[in-house]
Amino acid sequence: MMKLKNSLFSILVIMCSVPAFAGWEYDGYYIDDAYYEEDDTRFVIGFRGGLSWGHAKMQNDVGNLEGSYVYEEATGSIISSLAWVAAGSPEEGYLSAGVGDISTLPVNKDFSKFAFTAGASVGLTIPYHPRWRLEAGYDHIAETDYNEIPLFSGDLSLTGGEIGDAVFHVSSGGATSTISTDVISAMMFYDFFDGSQKPLNTFVPYIGLGVGYATSKTTLKLADIYGDLSSDSNLQNYGTLDENDVIQFEPPTDKTKFPSSENIAAIGAIGASYGIAKYTYLDFGARVMYIPKITWELVNSDGSQHREWFSAKNMLYTDLTVGLRFEF
């Protein structure tokens, strides 16, 4: 993946620098009777920056994971078995409530975050069709956080307890996490103007469609706040037990040891350019990028083990940007 990114960056740099140093632009050509015809092709370079709003439905991905609970008769509520043991395992007033599958609990809060974004594009207007332009682009959505306590929360069906099968409201875990996204894209735009050259001092609206290759980097630090995770022997591989037998999860300090989510993204764009000088345009744009799934994984300290924990389904990034575009 890194080699692919380096190669694409090298191509972008070359495409941007060669025309700049050479003062290059497409020439026309002479036809019969010395009539000069230009094909209206332009080399396009653009830079932009602004804000991105990400929104997605969050999904529990832990797989089969059982929590063990105890019923407190005085309050009619339940606590995890580990919390009951930590309280001294009182015999009176408590009954076994059974076990429940934590993977059935919904994530407590959907993803909804703002982040800074920046991008660059290079491309061409299509010969003899100057209203159409093709661009290859790169966009970076800066790192933002997703912190939630409790992480999972909802009604949980418990079986095998002394009170019979029952449903109780349960909370599980707490998460401190981050996400950033990079998108390499291919876009086609249509500019609404008359003639062969975009006018100056005039707003020229445009629309665009394209596809992209999105890489989302996530990190996750999990905390067993409610004591329902620590009894699972598999999860004990991701940290160490403290004096109360609660797992202290130990994620790697090196963020590169966390796996990345890679997706094909669908992209739509709308905006307007404003000519301020020959070949130079201010660009006011909005882009919507759809990414099918971004996953957060539980990772141990050396990065050798990982397990999906939750994910963002149908992520939509909406970018509002201001930039400069040059068409030579």
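Each value in this text was obtained by applying a stated rule to the coordinates, not by laboratory testing. Everything quoted here is computed from the prediction, not taken from an experiment. No Cβ is skipped: glycine too gets one built from the backbone with ideal geometry, and neighbour counts run over all protein chains shown.
What the table shows:
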quantity	calculated
Footprinting exposure proxy for 69, 138, 317 (fewest neighbouring C-beta atoms within 10 Å first)	138, 317, 69
Total charge dipole magnitude, the chain, about the Cα centre, Cβ charges on Lys, Arg, Asp, Glu only, Debye to nearest 20	1240 debye
Under 26 Å from residue 198, Cα to Cα: lysines that are on another chain or at least 8 residues apart	278
Approximate shape of the range 220-272 as ellipsoid semi-axes (Cα gyration tensor, √5λ), whole Å, largest first	37, 13, 11
Scaled radius of gyration (Cα, divided by 2.2 N^0.38 Å) that the range 47-177 gives	1.76
Proximal charge balance of residue 311 [Cβ under 11 Å; K/R count +1, D/E count -1]	0
Length released on extending from residue 86 to residue 243, taking residue separation times 0.36 nm less the Cα-Cα span	55.5 nm
Positive-end residue of 168, 65, 127, charge dipole of the chain with Cβ unit charges	127
Net length gained if the chain between residue 221 and residue 254 were fully extended (0.36 nm per residue, minus Cα distance)	10.6 nm
Taking 131, 48 and counting other C-beta atoms within 10 Å, the order from fewest to most	131, 48
Sequence-separation-based contact order of the range 40-327, relative, with Cα cut under 8 Å and 6+ spacing, percent	22 percent
Relative contact order computed over the range 74-230 (Cα-Cα under 8 Å; 6+ residues apart), in percent	25 percent
Angle in degrees between helix 2-22 and the longest Cα principal axis of the chain, rounded to the nearest 10	20 degrees
Reciprocal mean inverse distance between Cα atoms of the chain - Kirkwood radius, Å	23.3 Å
Within straight-line cross-link reach of residue 293, lysines at Cα separation under 27 Å, skipping those fewer than 8 residues along the same chain	3, 5, 57, 109, 113, 217, 221, 255, 257, 313
Residue 266 versus residue 286: modelled label distance in nm, points set 7 Å from Cα along the beta carbon direction	1.8 nm
Global geometry of the range 257-314, whether rounded, prolate or oblate, following the gyration tensor of its Cα atoms and the 1.5 cut on a/c	prolate
